[in-house]
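The values are calculated or read from the model by the stated rules, or taken from the named source; none is laboratory data. All values reported here derive from a predicted model rather than from experimental measurement. Glycine also receives a Cβ, built like all others from the backbone with ideal geometry; neighbour counts cover every protein chain displayed.
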Amino acid sequence: MDLLNVPEVTQLPELSGAEESPVEFADMVVTTLLGYDSAMLYAEHSPSASAEPAVSWRISQREEGIYSHDIEIATSPSLGSFRSVLARFGHHYLCGQLYNGYALRFLRQRGRTHRCNIYVSNAGQSGFWIRVYAARTN
């Protein structure tokens, strides 16, 4: 079983200039995801959206019997920033497979463990996207 401890990040650090931290950003969106018992984290930039530089990160709650709207939890301000966060997911959560991958990981934070199916794409034709399905196991 691949069990990873996820640092809890509830707010992005203040960085000088236009700097961003893909590591802190990735940990922040995972922290938000792991606050739910069952949810999906997703973000996507398609070739048809190339005029849109920002990419929205959203969570869809997946609890049986609960209907909820998708919640926007963060925004990558540019395609480059978004791809940097995808690379962080690939490096850390997909064990070095930066793009076009899948992994089953158990993520632990705040004493809770979630079974996570992580899918990442980087195919030019289909765009750049990520889906993380998480379900609490304890």
message: Taking the conditions exactly as written (modelled with pLDDT under 90, over 18 Å from P22 (Cα atoms) and β-branched (V, I, T)), does I66 satisfy them or not?
response: yes
- request: Please indicate, with yes or no, whether at least one residue in the stretch 106-113 is on the phi < 0 side of the Ramachandran plot, modelled with pLDDT of 90 or more and within 13 Å of the chain's Cα centre (by Cα).
  value: yes
message: Looking only at residues that are farther than 18 Å from V23 by Cβ and modelled with pLDDT under 95 in the stretch 114-127, which one is nearest to the chain's Cα centre (by Cα)?
response: Y119
